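Only the coordinates and a few stated rules stand behind these numbers; no lab work does. On a predicted model such as this, the values are computed, not experimentally measured, just so you know. Every residue, glycine as well, gets a Cβ built from its backbone with ideal geometry; the counts of neighbours run over all protein chains shown.
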Amino acid sequence: MFDGEVPERSKGADCKSVGLAFEGPNPSLSITEAFQTEGLSVYLGVYMAWYDRGVCFECQRCGHCCGGSPGYVFLSDEDLEAIPAYLGVGKDEFIASYCRKVDMGSYSQLSLVEKEDYDCVFLTDKGCSIYPVRPLQCSTYPFWPYVFSDRALWEAEGEECPGIGKGPVHAADEIRGKVRATLLHKVKTIVDAEVE
Ligand code: SF4
């Protein structure tokens, strides 16, 4: 679905066995290790090492992150191929029916439209109607760069998402992989097409 290799979710561990979702000594990657990879990883290694012992997360399927307030679900090139195919419509038809262009200043991105109550256009009483091909922005939540840039932001996100702090431990490598994929995903959402 995206270029970055995303390690498998950690298995066989839970919060108790590792400690706590939010605790840890705040170890940092060594400079050598950080510079073995590209600049993004350097950024992640230096600024996001607080989660090196992993964090606990398990979606509680409450639907809170799928609507209820204004927001954007930005789409990548991969999303713009997979979702129309899943729906059985052409890409242009999908963009015209389900997308809006968001002015980001020097560039634009495509986002899914929302219902009048701000719920995602694909949110139903039974949950996400495109779950198998849901956008990467959705499938990687809450493993987003902003959320992981500071422990306090992760804890604050826990006020919004009841899945944070619950369930199995997600190891640092998995977290870095998903955060990195999200960073790359954002680059891919730059679009030139005019969409009303
Ligand atoms: S807010 Fe958290 S627990 Fe609720 S649906 Fe979204 S990810 Fe799952």
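Structural remarks
- Qualifying positions in segment 101-118 - farther than 23 Å from Pro132 by Cβ and of a type in the set (D, E, K, R): Lys101, Asp103, Glu116, Asp117
- Taking (1) in contact (Cβ under 8 Å) with a residue 60 or more places away in the chain; (2) in a helix (DSSP H, G or I); (3) away from the ligand (no atom under 16 Å from the Cβ) in turn, Leu110 satisfies each apart from (2).
- The listed residue being within 20 Å of Gly68 (Cβ to Cβ) and within 16 Å of the ligand (Cβ to nearest atom), out of Ile164, Ile175: Ile164
- Among the residues making up segment 81-102, those that are of a type outside the set (Ser, Thr, Tyr), surrounded by 14 or more Cβ atoms within 10 Å (Cβ to Cβ) and closer than 18 Å to Glu114 by Cβ are Ile83, Leu87, Phe94, Ile95, Cys99, Arg100, Lys101, Val102.
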